[in-house]
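Following: one structure in structure tokens, then a few remarks.
The values are calculated or read from the model by the stated rules, or taken from the named source; none is laboratory data. Keep in mind it's a predicted model, so treat the numbers as computed, not measured. Note that we place each Cβ from the backbone using ideal geometry, even for glycine, and neighbour counts take in every protein chain shown. For accessibility, only protein heavy atoms count, side chains too; no ligands or nucleic acids. Shrake-Rupley method; radii C 1.70, N 1.55, O 1.52, S 1.80 Å.
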Amino acid sequence: MQKFELTIFRQSRVLVGLFLTPISLIGILILCAELNNIFIGLVLFPVYVLTVYYFVVGHLTVSINNEQLKFRWTRKLIFNYDDIEPVNIADIKTIVIDSGQLLRKIITADRTIKINNAKVQVKDANKFIYQLGILTKRNDVREIDSWDEWSDKGYIKTAYRINTVILVLATIIVTTFIIIKGFNSRNLFLVLLFIPQLYLYGKQMKRKIKNDNR
């Protein structure tokens, strides 16, 4: 039997955490103002960050035994992930892997198993992905990335158009702010992180669309 320890950051939970963060920050600031005590904010904010991390992260052990994958979560007091039923390797039809190191999904004929291993705390993720590739190669399993999956579902062109519109609007907004108010740190943050990421997504989607049209 082979065992692999994975750190999981489920995207849906990450989005919930990101959505709640500004609301929580505003609440903490209001509480500090009402009590006229900044120390409360210095205590509550780290507690909030740790709570979000505890909510988002999961530790998954994947075992390979008798041509079957078995999954076991490390139990937490709260915020546990749903159990994953074992899957026969012969039943796997598609695996979704991004950048060769982020296993997104394992897809069979009747269900989709979401994995989403983290970029940080990699642990045994690379070893598991490599071993999974070896085990599934003999069954002619299709290996794709997330853009391929979007293309299969017919989402890729719509996503590309939306990304292009957001990229153009973001560039216009940042450029306008720079002209009116000068180049400050907030604009620098948007330029260096937000816009380049949209541009990268756009290039990846455009390349995928071109490949599909060949």
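Assess whether L169 counts as being under 21 Å from W150 (Cβ atoms), at pLDDT 75 or above and of a type outside the set (D, E, K, R). In short, no. Name the single residue that is nearest to the chain's Cα centre (by Cα) among those in segment 1-29 being of a type in the set (V, I, T), more than 30 Å from N66 (Cα to Cα) and surrounded by 11 or more Cβ atoms within 10 Å (Cβ to Cβ). Top of the filtered list is V14.
If you go through segment 48-73 and keep only what is under 20 Å from the mean Cα position of the chain (by Cα), of a type outside the set (F, W, Y) and surrounded by 11 or more Cβ atoms within 10 Å (Cβ to Cβ), you end up with V49, T51, V52, V56, V57, G58, H59, L60, T61, V62. Out of F39, F45, one residue alone is more than 30 Å from I64 (Cα to Cα), surrounded by 12 or more Cβ atoms within 10 Å (Cβ to Cβ) and aromatic (F, W, Y). It is F45.
Restricting attention to segment 106-117, the residues that are more than 11 Å from I8 (Cβ to Cβ) and either touching a Leu at 6+ places or on another chain (Cβ under 9 Å) or open to solvent by less than 40 Å² (accessible area, probe 1.4 Å) (or both) add up to 4.
Only residues that are under 21 Å from Q11 (Cα atoms), open to solvent by less than 40 Å² (accessible area, probe 1.4 Å) and at pLDDT below 85 were counted across segment 118-145, and they come to 1.
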